[in-house]
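**Student:** The structure that follows is given in the form of structure tokens.
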Amino acid sequence: MKQFDATEVARAAARLSKIVQSDNLEYSPRLSKKYHAKIYLKREDLQIVRSYKLRGAYNLMSQLNADQLAKGVVTASAGNHAQGVAYAAARLKIRATIYMPLTTPNQKVERVAHFGGRFVTIELAGKNFDEACRLANRYCDDSGATFVHPFDDLRVIYGQATISKEILDELGEALDAVVCPIGGGGVAAGVVQYLRNELPQAKVYGVEPAGASSLQASLRAGRPTKLINIDTFVDGAAVKEIGHNTFQLLKGHLSRLVTVPEGKICSTMIDLYQNEGIIAEPAGALAISGLDSLVEQIRGKTVVCIISGGNNDLLRYPEILERSLVYEGKKHYFMIEFAQKPGQLRAFLNHALGPHDDIVRFEYMKKSSREQGAALVGIELQKASDYDRLLTRIDDLGISYSKLEPTDMLYDFVV
């Protein structure tokens with residue numbers, strides 16, 4: 001890998017000057033008060049493709065020579081990078097073939113088609129990004145097209161690094177820290193390396209989803225390490241293996257790396273929507289989700305959190321709310337054995353539930369040949385602290401039950 005050249009970031013910024021929105025740094029009074037710091041949000045969800053991925057894709061594609069342009073480009077993406085490539089392809093009039101995992105939300109697939117138009121062919125293939133990427137590389141070898149990597153190409157990293165240049169241009173030496181989401185590591189690598197050159201005292205904190213913490217695993221192993229299984233919920237950051245180039249650029253230079261549960265990310269998404277009116281996708285809420293783990297480091301500091309994207313399908317919101325409530329301890333599922341005689345459910349409602357508890361799911365089928373019947377019961381609490389009192393009341397009724405845990409197979413069916 002070539003050494004990172006900070007002057008290339010300025011060249012990338014010039015190429016992107018008429019393509020990206022650069023004046024999208026917003027002060028957050030709510031988060032500043034909550035964390036006793038000056039918190040700014042770098043609103044990359046406001047880009048025309050609703051994410052920062054346009055930066056790296058356009059920076060690479062705008063440097064292709066005539067022969068490369070004639071053969072077109074190919075890429076793999078869970079959605080945001082695909083939209084960046086699609087937009088750049090239409091703008092530069094380049095043929096692009098884009099491989100997207102089968103799990104990609106429909107909203108992102110439709111947006112790729114919208115931005116790329118006749119210049120883009122979409123191939124839905126592979127269960128996750130890594131499988132789609134392998135298929136894209138095979139197509140690339142066969143066709144001679146240029147591969148536009150979502151994160152592990154220096155030209156892409158320079159494009160993403162223009163985010164840190166814009167932050168520094170606005171805040172100058174007042175900047176103390178940047179909090180970056182991490183999937184493949186492209187934006188974090190660019191931010192880390194650019195600030196090392198321009199403002200070395202600034203800290204960079206990385207945030208990964210707990211279900212796809214590839215950088216954390218790689219740092220422990222001392223080399224890029226592929227995860228066996230990942231949770232694809234945070235689709236914009238669900239990468240099994242950190243990039244080899246991004247790993248080298250990040251290793252030893254992040255001030256701290258934290259992981260956050262997917263449920264916590266969902267709660268952050270809801271908070272952003274309800275308080276700031278920001279529609280963030282799961283990966284877009286990653287940086288802010290990590291602030292609770294960085295309270296002491298950021299107290300009294302000037303901090304920028306990168307909201308990396310806002311491509312969120314409305315159909316996902318029921319799951320987002322569900323995950324949030326479960327994470328916050330306000331929603332619980334039980335298998336409860338009711339005696340098959342009249343009045344059992346009424347007794348449960350009258351004596352087990354508290355005044356603010358609510359049954360939000362109930363599935364039961366009476367079987368006349370049995371004395372006991374199992375029911376699936378979902379209960380939502382007003383406060384997580386009500387949980388122990390709920391269990392005490394159920395125990396006092398002498399009812400047999402078991403709590404469904406996220407590791408149970410049935411839990412996946414329920415949630």
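**Student:** Could you please state, rounded to a whole Å, how far the C-alpha centre of the stretch 132-155 is from the C-alpha centre of the stretch 69-124?
**Tutor:** 13 Å
**Student:** I've got another one for you. Multiply the residue gap between Lys18 and Asp292 by 0.36 nm, knock off their C-alpha separation, and tell me the result in nm, one decimal place.
**Tutor:** Computed gain between Lys18 and Asp292 is 95.0 nm.
**Student:** Which residue fluctuates the most in the chain, going by a Gaussian network model with Cα springs under 10 Å, if the choices are Tyr401, Tyr194, Tyr35?
**Tutor:** Tyr401
**Student:** Now a separate question. Which of the pairs Lys34/Lys108; Lys18/Lys165; Lys264/Lys330 have their Cα atoms more than 21 Å apart in this structure?
**Tutor:** As for pairs spanning more than 21 Å Cα to Cα, those are Lys34/Lys108.
**Student:** Sticking with this one: Lys127 label point, 7 Å along Cα→Cβ, cut-off 20 Å on backbone N: hits in the stretch 226-243?
**Tutor:** Within reach of a label on Lys127: 226-242.
**Student:** Among Asp396, Asp235, Asp408, rank each residue by its count of other Cβ atoms within 10 Å, from fewest to most, as a rough exposure measure.
**Tutor:** Arranged by neighbour count, lowest to highest, Asp396, Asp235, Asp408 become Asp396, Asp408, Asp235.
**Student:** Express in nm, to one decimal, how much length is gained between Leu314 and Tyr273 on full extension, taking 0.36 nm for each residue of separation and deducting their alpha carbon distance.
**Tutor:** That pair, Leu314 and Tyr273, stretches by 13.5 nm at full extension.
**Student:** Hey, another quick one. Taking the Cα atoms of the stretch 218-337, what is the range of coordinates along each of the three principal axes, in descending order and whole Å?
**Tutor:** Over the stretch 218-337, Cα extents along the principal axes are 51, 39, 28 Å.
**Student:** Evaluate the distance, in nm, between pseudo-label points positioned 7 Å from the Cα of Asn197 and of Leu397 along their respective Cα→Cβ axes.
**Tutor:** Roughly 6.6 nm, to one decimal.
**Student:** Okay, moving on. Can you tell me, using C-alpha contacts under 8 Å and at least 6 residues apart, the relative contact order of the stretch 59-108 as a whole percent?
**Tutor:** Normalised by residue count, the contact order of the stretch 59-108 is 42 percent.
**Student:** [x] 22.9; [y] 24.0; [z] 19.0: which one is mean projected area of the Cα convex hull in nm² as calculated from this entry?
**Tutor:** [x]
**Student:** Could you work out how much longer the chain between Lys2 and Tyr27 gets when fully extended? Use 0.36 nm per residue separation minus the Cα distance between them, nm to one decimal.
**Tutor:** Length gained between Lys2 and Tyr27: 5.4 nm.
**Student:** Follow-up question, since we're still on this one. Label points 7 Å out from Cα along the Cβ direction at Arg138 and Lys226: separation in nm?
**Tutor:** Computed distance between label sites Arg138 and Lys226 equals 1.4 nm.
**Student:** When the expected Rg is taken as 2.2 N^0.38 Å, what fraction or multiple of it is the alpha-carbon Rg of the stretch 54-147?
**Tutor:** Taking the Cα Rg and dividing by 2.2 N^0.38 Å, one obtains 0.96.
**Student:** Further question: Once both labels are modelled 7 Å past Cα along the beta-carbon direction, what's the Arg361-Asp408 spacing in nm?
**Tutor:** Modelled inter-label distance: 1.0 nm.
**Student:** I've got another one for you. Around Val178, which amide H atoms from residues at least 5 apart in sequence, or from another chain, sit under 5 Å from its own amide H, with H modelled in the peptide plane?
**Tutor:** Lys203, Val204, Tyr205, Val304
**Student:** Of all beta bridges DSSP finds with both residues in the chain, what is the antiparallel percent, to the nearest 5?
**Tutor:** Counting only bridges with both partners in the chain, antiparallel ones make up about 40 percent.
**Student:** So for the chain, averaging the separation of alpha carbon pairs under 8 Å that are six or more residues apart and normalising by length, what relative contact order in percent results?
**Tutor:** 15 percent
**Student:** Another question, then. Among His81, His351, His114, which one moves the most in a GNM of the chain with springs linking Cα atoms closer than 10 Å?
**Tutor:** Result: His351 has the largest fluctuation of those listed.
**Student:** Order these peptides, 125-132, 82-89, by their mean beta-carbon neighbour count within 10 angstrom, highest first.
**Tutor:** 82-89, 125-132
**Student:** Can you compute the FRET efficiency between Asp67 and His351 using 1/(1 + (r/R0)^6), with r the Cβ-Cβ distance and R0 = 45 Å? Round to the nearest 0.05.
**Tutor:** Rounded to the nearest 0.05, the efficiency is 0.05.
**Student:** Just the Kirkwood number for the stretch 329-414, please: inverse of mean 1/r across all distinct Cα pairs, in Å, one decimal.
**Tutor:** One over the average 1/r among Cα pairs gives 13.4 Å for the stretch 329-414.
**Student:** Between Ala339 and Leu376, what is the FRET efficiency for a Förster distance of 22 Å, r being their Cβ-Cβ separation, to the nearest 0.05?
**Tutor:** 0.85
**Student:** If the cut-off is a Cα-Cα distance under 27 Å, which lysines reach Lys341, setting aside same-chain residues fewer than 8 apart in sequence?
**Tutor:** Lys366, Lys367, Lys403
**Student:** Let me ask another. Which residue, Leu102, Leu60, Leu171, tops the fluctuation ranking in a GNM of the chain built on C-alpha contacts under 10 Å?
**Tutor:** Leu171
**Student:** So, one more: Apply 1/(1 + (r/R0)^6) to the Cβ-Cβ distance of Ala113 and Arg389, taking R0 = 56 Å, and write down the FRET efficiency to the nearest 0.05.
**Tutor:** FRET efficiency, Ala113 to Arg389: 0.60.
**Student:** Kirkwood Rh, Cα Rg: Rg to Rh for the stretch 1-97?
**Tutor:** Dividing the radius of gyration by the Kirkwood radius yields 1.08.
**Student:** Could you go through the stretch 295-312 in sequence order and give the Karplus-derived ³J(HN,Hα) for each residue, using 6.51 cos²θ - 1.76 cosθ + 1.60 with θ = phi - 60°, rounded to whole Hz, and x for Gly and Pro?
**Tutor:** 3, 5, 5, 9, 4, x, 9, 9, 10, 10, 9, 8, 8, 6, x, x, 8, 10
**Student:** Kyte-Doolittle cut-off -0.5, length cut-off 20 Å along the helix's own axis using Cα: show which whole DSSP H helices in the chain pass.
**Tutor:** Correct list, ordered by number: 154-171.
Read the figures in this text as sums done on the coordinates, not as results from a lab. This is a predicted model, so every value here is computed, not measured. For neighbour counting, all protein chains shown are included, and Cβ atoms are generated from backbone atoms with ideal geometry for every residue, glycine included.
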